[in-house]
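Chemist: Attaching a single structure in structure tokens format; questions to follow.
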Amino acid sequence: MGAIPTDLIRLCDEQRERCVRHDVTIVTIVDEAYPMRLRQVANPPSVLFVAGMLPDPATQSVGVVGTRQCTHHYGLPVTQMLVADWARSGTVIVSGLAQGIDTIAHEAALQNNTPTVAVIASGIDRITPKAAHELAGRIRSAHGAVISEHPCGVAALPPAFPARNRIIAALSD
């Protein structure tokens, strides 16, 4: 086996320091903490960056995703009602922390004291906009999790969103 390139060692050290600074745990596919559901997808991420607490794998979960510009007369109340019903049954809510239906689902989960998992398309230290960053903090405080397959420092780019959705789907029953 050859020597590990110095650049790789430096990059790993920098990433580890960033994760420590942002209270992010690195979970690899070989770790016991890696979600079993996620191991079963065709292309599972080899590494997850986790801020907060992953839910108990035995707990039922549902993915909630939708339009970023939902209607206030239908999309908003229906999402709130469905999430409240799922919360009463102890179901974990998994969504994408995006504006619209995703944010409404996370907010409704928090209002109903049920864990929620936000799967994001950027590094955990690059959550935007500001409202989503604040919501991510409340999710963590409420024993939920913010997770990403992207290292700290990575900005969200358009191709990352469909890839993120496969994680939401895999974590959902």
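The values are calculated or read from the model by the stated rules, or taken from the named source; none is laboratory data. This is a predicted model, so every value here is computed, not measured. We place every Cβ from the backbone using ideal geometry, glycine too, and count neighbours over all the protein chains shown. With ligands, DNA and RNA removed, areas are computed over all heavy atoms of the protein, side chains included. Shrake-Rupley method; radii C 1.70, N 1.55, O 1.52, S 1.80 Å.
Chemist: Quick check on this structure: which one of Val64, Val24 is over 16 Å from Pro115 (Cα atoms), within 15 Å of the chain's Cα centre (by Cα), surrounded by 15 or more Cβ atoms within 10 Å (Cβ to Cβ) and at pLDDT 90 or above?
Modeler: Val24
Chemist: If we keep just the residues of the range 3-21 that are over 19 Å from Gly144 (Cα atoms) and open to solvent by less than 60 Å² (accessible area, probe 1.4 Å), which is modelled with the highest pLDDT?
Modeler: Out of the qualifying residues, it is Asp13.
Chemist: Ok, one more. Against the conditions (1) closer than 19 Å to Cys152 by Cβ; (2) touching a residue at least 60 places away in the same chain (Cβ under 8 Å), where does Leu11 fall short? Just the number, please.
Modeler: Here Leu11 clears every test but (2).
Chemist: Now a separate question. Just give me the residues in the range 126-168 being within 13 Å of the chain's Cα centre (by Cα) and among the acidic types (Asp, Glu), in sequence order.
Modeler: Glu149 - this is the single residue of the range 126-168 that is within 13 Å of the chain's Cα centre (by Cα) and among the acidic types (Asp, Glu).
Chemist: For residues that are touching a Ser or Thr at 6+ places or on another chain (Cβ under 8 Å) and open to solvent by less than 60 Å² (accessible area, probe 1.4 Å), scanning just the range 38-60, find the one that is farthest from Ile124 (Cα to Cα).
Modeler: Thr59
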